[in-house]
Amino acid sequence: MNIYPHPVHSTLSDSQLGQEELKELLAIAKQNGGEFAEVYIEHTVNNNIGLDEDKISSARRGVDMGVGIRVLHGEKTGYAHSDDLSLDKLKETARVAGLIASGKAKQTDFDLKKQKIPSYYMVKTSPDRIVPAEKAKLLWKANSTARDYNKSISQVYVSYSDSNTEITIANSEGLLVNDVQTLTRLIVFVSALEKGKRSSGYAYKGGTLGYEHYNLELATELAEEAGRMAVAMLPAEDAPAGEYPIVMAKGECGTFFHEAIGHSLEGDGARKKTTCFWDKKEEMIATEIVSLADDGTIPGARGSINVDDEGTPGQKNILIRDGKCKGFLYDKLNAKLMKTKSTGSGRRQSYQHYPIPRMTNTYLMAGKDNPEDILRSVKKGIYISQIGGGNVSPTTGRFVFSVPEGYLIENGKITSPLKGIQLMGNGPDVLKNITMVGPDLEISGGGTCGKDGQSKPVSDGNPTLKVSKITIGGAKVRG
Amino acid sequence: MDYKKIAETVVKKALKLGADEAEAYLENNREFEVNVRNGKVETVKQSMTKGMGLTVFKDKKLGFSYTSDFSEKALEDFVEKTVQLSQIATPKPWNGLPDLKKGKPRDLDLYDPSISKVENNKKIKVATKVEKIALAYDKRIKNSEGGWFGDAESEVFLVSSKGISRRTKSSAVTFGTGVIAGEGDNMQSGYYGSSKAHFKDLEDIEYVAREAGKRALEKLGARPVKTQKVPVVFSRWAAPSFWSGVLSALDGDSVFKKATFMTDYLNKPIASEQITLIDDPTIPRHIASTTFDGEGKLARKNTLIDKGVLKMFIYDTITARKAGVKVNTIAQRYVYKGTPSGSLLNVIVNKGNVKEENIIKGIDQGFYVKGLRGSGTDVPTGNFSVGASGFWISKGELAFPVDGVTLGGNTLELMKNIELVADNLEIRGGLNSPSFKVSELIVGGK
Ligand SMILES: [Zn+2]
């Protein structure tokens with residue numbers, strides 16, 4: 001494999017921000033009496049190659065580097081950041097962040113102790129060391145495979161991207177942590193066109209994975225899966241509108257649980273009492289076969305974290321157990337205000353943002369129902385192979401999701417493909433209508449979650465399951 | 001730092017390393033943001049950021065990189081890698097920098113020097129006051145998502161090897177609040193904010209607060225209705241979302257790939273004669289205006305839909321050359337981190353001459369849409385399907401709040417069935433439309 005001879009140059013390694021300098025910055029940040037100070041240093045390199053219309057259409061690289069300094073004082077957060085790493089500029093940044101408090105400096109004596117952290121990433125070869133031409137081979141392979149898959153395939157778009165983020169976090173409680181977070185992803189997107197009918201399909205692999213997980217066999221596999229989906233959806237008819245039972249296929253429907261349930265179980269909403277579950281802890285909010293977890297420790301999954309962006313180790317959190325709401329996802333600030341502990345969920349998009357409670361890998365836990373029995377139990381309903389984009393209000397839990405691949409279920413069997421399926425309803429209602437859950441849990445390659453203007457990599461998953469009734473919005477009116 | 005000089009140096013260095021053409025786009029930004037909740041400051045954030053995107057063409061191959069690291073060594077690595085990167089791209093005959101007319105951009109008064117002089121305490125007061133008034137608006141309002149105030153200044157430098165060197169400065173200021181009405185299973189949130197280029201132009205605090213309160217209250221008790229075909233009024237709050245779906249189907253490159261249902265409709269009627277849609281980023285002091293776009297082209301006004309007839313698609317320099325058409329629209333960048341792509345900045349749907357209340361009065365049973373979840377238009381097929389909330393119209397009046405329904409149909413049919421356009425156009429953001437009535441549409445519910 002072609003790799004660069006030296007690691008890539010980084011100003012960060014030249015900047016000489018040693019322990020003494022970090023301590024000095026923390027002291028300046030606290031000089032107005034702030035209770036807690038934190039320095040977050042980031043250097044991210046990301047690479048992206050796109051192939052479109054039989055051409056490598058884009059080859060891009062980006063470097064984000066900077067320092068964010070945060071001061072907490074009671075319920076208040078002061079945040080300032082700088083992309084100039086000179087000590088003078090950083091001292092000024094620390095001073096500005098500290099202005100959130102007004103008073104005399106409290107005792108600032110502490111020692112920074114470097115923490116040992118576990119590793120949940122599966123990275124042997126850092127992707128930033130692989131030359132772009134090597135990565136381009138994946139795209140060409142996926143492109144030719146997808147085009148050969150079926151005559152009807154009219155467009156192929158392939159994208160490979162990776163990022164390598166080095167972070168250092170130091171705080172006035174004495175924490176000092178380093179982590180290197182690597183993300184990679186390969187996506188194949190195809191369109192099919194036949195006799196005036198159009199459809200599309202996609203497949204992807206992604207995670208906290210090193211470049212050793214990417215090869216031509218994978219590119220072939222993804223291209224064939226994307227082709228399969230597009231060809232399967234070509235004859236799709238308009239979905240019927242109305243109320244139906246649905247079966248969700250394992251693996252690619254977890255987005256539903258992330259978006260429609262998970263966001264309502266984040267600790268900032270719980271503290272502010274603005275989400276539908278804020279007062280439901282220890283109450284039954286779902287049928288007793290429903291258990292939901294958010295787990296930052298799944299090896300190689302896209303949402304996995306050795307530490308969160310406050311230096312708290314990633315962990316597995318049970319949000320719903322046997323139907324009962326067990327708690328919320330917390331960062332340090334919201335945990336402190338709620339008199340509990342951080343759940344390792346304090347995440348931020350970059351040094352330009354302060355951390356907020358976020359999910360990692362969110363999934364419906366495995367149940368006991370046989371997936372075939374689940375399908376057989378539905379006389380007339382909808383089979384959801386994968387869930388696409390959605391829109392959810394965390395206040396009401398009300399959602400709309402599109403379904404890029406779905407089918408009619410007739411007498412317990414999957415029959416014709418359907419287009420334009422929209423799942424509608426609200427999260428709390430759906431939890432009460434989950435009547436069967438299979439044992440076949442699968443975690444997806446994941447995606448990107450947006451909240452309060454911050455994007456973060458996440459993944460999700462689910463076993464086969466049945467929702468006894470849900471509203472389908474479609475173009476066709478029943479009857 | 002002398003940013004203009006840095007940009008020039010990077011361009012020169014790229015040419016020296018073998019690039020045929022190079023262009024640096026550099027941004028230098030300052031931002032302030034405060035969030036208060038229940039009368040107390042929660043967060044204050046201040047930032048200074050800079051960054052540069054470098055586009056190079058070598059043998060008609062495109063390479064692009066960005067960096068926020070401006071140290072000498074890092075910049076050298078940056079230029080080298082960008083030129084290297086171009087070599088894996090496929091050459092395309094249409095690749096290359098735009099041919100720009102020299103000349104001075106018009107001064108659109110988009111920068112307010114007074115913003116940086118407003119004291120932080122005054123900004124915090126605005127955020128606190130707007131939340132306070134919204135919370136006091138009605139006793140059913142029980143909780144707050146907070147009040148906010150933010151402002152930003154941005155300076156952009158664009159330097160290209162074709163002899164272009166441009167600079168512009170702009171500002172933005174915003175405040176608003178979000179409150180929650182109701183309790184238990186019947187909670188609804190309402191948000192409202194005001195964003196302008198100049199501090200003095202911000203809307204009245206009381207007005208913004210009341211609008212937020214009103215929005216939370218009016219949704220209380222919202223429920224779905226039965227599936228039925230009725231006249232539908234898209235309010236001026238919901239209409240922009242709808243138009244954004246239509247505009248995504250007008251992307252020139254999608255037309256080239258025949259990937260949009262609009263492909264064959266140039267110079268043909270696509271909407272009711274009452275619809276004229278323009279892009280005008282040249283309105284002075286408007287937050288969605290610009291002096292020059294992401295490619296350095298001077299901003300100008302374009303008509304996309306003229307009395308229902310589609311007049312142009314959306315292109316940037318490269319997609320236009322590829323399609324063999326003249327460049328017309330604005331090209332936008334996702335800050336310095338991306339290359340420009342064809343876009344619209346300040347879309348305005350011309351107003352009609354009917355009062356919105358008279359439109360509602362004329363409907364026996366129908367749906368008044370206040371919010372859409374998404375834009376609804378599926379670009380390849382033109383199928384329209386989207387989640388919606390609003391009010392049920394009964395006997396010419398708004399009868400009760402509705403949520404959890406979908407609107408479904410065909411985008412072209414919907415646009416042709418626009419019967420009436422209201423006179424309530426207000427230019428607030430980048431997508432502005434008056435309310436309009438569609439003669440009939442499927443409202444999908446229970
Ligand atoms: Zn999310």
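The values are calculated or read from the model by the stated rules, or taken from the named source; none is laboratory data. In this text the structure is predicted, and so the values were computed from the model without any measurement. Positions of Cβ are generated from backbone atoms using ideal geometry, with glycine treated the same way; all protein chains shown enter the neighbour counts. Quick note on the areas: whole protein, heavy atoms, side chains included, nothing else; ligands and nucleic acids left out. Shrake-Rupley method; radii C 1.70, N 1.55, O 1.52, S 1.80 Å.
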>> Considering only residues that are among the aliphatic types (A, V, I, L, M) and within 10 Å of another protein chain (Cβ to nearest Cβ), which ones fall in region B:76-100?
In response: B:L85, B:I88, B:A89
> Exactly one of (1) over 22 Å from B:F384 (Cβ atoms); (2) buried (at least 17 other Cβ atoms within 10 Å of the Cβ); (3) within 12 Å of another protein chain (Cβ to nearest Cβ) is unmet by A:S468. Its number?
Replying inline: (3)
>> buried (at least 21 other Cβ atoms within 10 Å of the Cβ) and touching a Gly at 6+ places or on another chain (Cβ under 8 Å): is that true of B:D279 in this structure?
In response: no
>> Looking only at region A:42-55, how many residues end up being touching a Leu at 6+ places or on another chain (Cβ under 7 Å) and at pLDDT below 95?
In response: 1
> Tell me, which residue of region A:269-283 that is open to solvent by 20 Å² or more (accessible area, probe 1.4 Å) and not in a loop (DSSP other than H, G, I, E, B) is farthest from the other protein chains (Cβ to nearest Cβ)?
Replying inline: A:R271
>> Considering only region B:414-425, I want to know if a residue exists there that is surrounded by fewer than 20 Cβ atoms within 10 Å (Cβ to Cβ), at pLDDT below 95 and charged (D, E, K, R).
In response: no
> Can you find a residue in region B:231-247 that is of a type in the set (F, W, Y) and under 30 Å from B:A323 (Cβ atoms)?
Replying inline: yes
> Which residues, taken from region A:390-406, are more than 20 Å from A:L265 (Cα to Cα) and at the interface with chain B (Cβ under 9 Å from one of its Cβ atoms)?
Replying inline: A:S402
>> Need the failing condition index for B:T174 against (1) farther than 24 Å from B:T55 by Cα; (2) β-branched (V, I, T); (3) in contact (Cβ under 8 Å) with a residue 40 or more places away in the chain, just the number.
In response: (3)
>> Here are the criteria: (1) open to solvent by 60 Å² or more (accessible area, probe 1.4 Å); (2) more than 25 Å from A:E92 (Cα to Cα); (3) at pLDDT below 95. Tell me which single one B:K60 does not satisfy.
In response: (3)
>> Would you confirm whether or not region A:419-428 contains a residue that is at positive phi and more than 16 Å from the ligand (Cβ to nearest atom)?
In response: yes
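Residue-by-condition table, conditions (1) under 23 Å from B:Y191 (Cβ atoms); (2) within 16 Å of the ligand (Cβ to nearest atom); (3) within 14 Å of another protein chain (Cβ to nearest Cβ); (4) open to solvent by 40 Å² or more (accessible area, probe 1.4 Å):
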{"site": "A:G262", "(1), (2), (3), (4)": "yes, yes, no, no"}
{"site": "A:I285", "(1), (2), (3), (4)": "no, no, yes, no"}
{"site": "A:I289", "(1), (2), (3), (4)": "no, no, no, yes"}
{"site": "A:P299", "(1), (2), (3), (4)": "no, no, no, yes"}
{"site": "A:V307", "(1), (2), (3), (4)": "no, no, no, no"}
{"site": "A:T312", "(1), (2), (3), (4)": "no, no, no, no"}
{"site": "A:C325", "(1), (2), (3), (4)": "no, no, no, no"}
{"site": "A:Y330", "(1), (2), (3), (4)": "no, no, no, no"}
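Rundown of residues vs (1) modelled with pLDDT under 95; (2) of a type in the set (G, A, S); (3) farther than 30 Å from A:G314 by Cβ; (4) outside the structural domain of A:A146 (by TED's automatic domain parsing), yes/no style:
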site	(1), (2), (3), (4)
A:S161	no, yes, no, no
A:N171	no, no, no, no
A:N178	yes, no, no, no
A:L183	no, no, no, no
A:H213	no, no, no, no
A:L216	no, no, yes, no
A:E224	no, no, yes, no
>> I need a count of the residues in region B:354-391 that are at pLDDT 95 or above and in a loop (DSSP other than H, G, I, E, B).
In response: 4
> Out of all the residues in region B:200-210, is one or more in contact (Cβ under 8 Å) with a residue 40 or more places away in the chain, more than 28 Å from B:K355 (Cβ to Cβ) and either not in a loop (DSSP other than H, G, I, E, B) or not acidic (D, E) (or both)?
Replying inline: yes
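Residue-by-condition table, conditions (1) modelled with pLDDT of 95 or more; (2) assigned to a strand (DSSP E or B):
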{"residue": "B:Y265", "(1), (2)": "yes, no"}
{"residue": "B:A271", "(1), (2)": "yes, no"}
{"residue": "B:I275", "(1), (2)": "yes, no"}
{"residue": "B:I278", "(1), (2)": "yes, yes"}
{"residue": "B:G294", "(1), (2)": "no, no"}
{"residue": "B:L304", "(1), (2)": "yes, yes"}
{"residue": "B:I318", "(1), (2)": "no, no"}
> Looking only at residues in region A:220-246 that are of a type in the set (A, V, I, L, M), over 24 Å from A:V458 (Cβ atoms) and not in a loop (DSSP other than H, G, I, E, B), which one is most open to solvent (accessible area, probe 1.4 Å)?
Replying inline: A:V231
> Of all residues in region B:203-215, which are over 18 Å from A:T395 (Cα atoms) and crowded, with 19+ Cβ neighbours inside 10 Å?
Replying inline: B:I205, B:V208, B:A209, B:E211
>> Can you report the number of residues in region A:247-260 which are surrounded by 23 or more Cβ atoms within 10 Å (Cβ to Cβ) and either within 16 Å of the chain's Cα centre (by Cα) or within 16 Å of the ligand (Cβ to nearest atom) (or both)?
In response: 8
>> Tell me which strands (runs of 3 or more DSSP E) are completely within region B:392-446 and hold 1 or more residues being more than 22 Å from B:N350 (Cα to Cα) and under 28 Å from the mean Cα position of the chain (by Cα), or say none if there are none.
In response: B:397-410, B:436-444
>> Tally up the residues in region A:332-345 that are assigned to a loop (DSSP other than H, G, I, E, B), surrounded by fewer than 24 Cβ atoms within 10 Å (Cβ to Cβ) and in contact (Cβ under 8 Å) with a residue 24 or more places away in the chain, please.
In response: 2
> How many residues are outside any strand (DSSP E or B) and not acidic (D, E) if we restrict to region B:44-88?
Replying inline: 17
> Inside region A:264-283, can you point out the residues that are more than 15 Å from the ligand (Cβ to nearest atom) and acidic (D, E)?
Replying inline: A:D279, A:E282, A:E283
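Table: residues versus (1) among the hydroxyl-bearing types (S, T, Y); (2) more than 14 Å from every other protein chain (Cβ to nearest Cβ); (3) in contact (Cβ under 8 Å) with a residue 60 or more places away in the chain.
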residue: A:A97; (1), (2), (3): no, no, yes
residue: A:S102; (1), (2), (3): yes, no, yes
residue: A:D109; (1), (2), (3): no, yes, no
residue: A:K116; (1), (2), (3): no, yes, no
residue: A:M122; (1), (2), (3): no, yes, yes
residue: A:A133; (1), (2), (3): no, no, yes
residue: A:N143; (1), (2), (3): no, no, yes
residue: A:S152; (1), (2), (3): yes, no, yes
> What about B:D99, is it in the same structural domain as B:K12 (by TED's automatic domain parsing), touching a strand residue (DSSP E or B) at 6+ places or on another chain (Cβ under 7 Å) and in a loop (DSSP other than H, G, I, E, B)?
Replying inline: no
> Considering region A:444-473 alone, what residues qualify as being within 16 Å of the ligand (Cβ to nearest atom) and either under 22 Å from A:I246 (Cα atoms) or not in a strand (DSSP E or B) (or both)?
Replying inline: A:S444, A:G445, A:G446, A:D452, A:G453, A:D460, A:G461, A:N462
> Name the residues in region A:141-177 that are farther than 20 Å from A:T448 by Cα and assigned to a strand (DSSP E or B), would you?
Replying inline: A:I153, A:S154, A:Q155, A:V156, A:T168, A:I169, A:A170, A:N171, A:L175, A:L176, A:V177
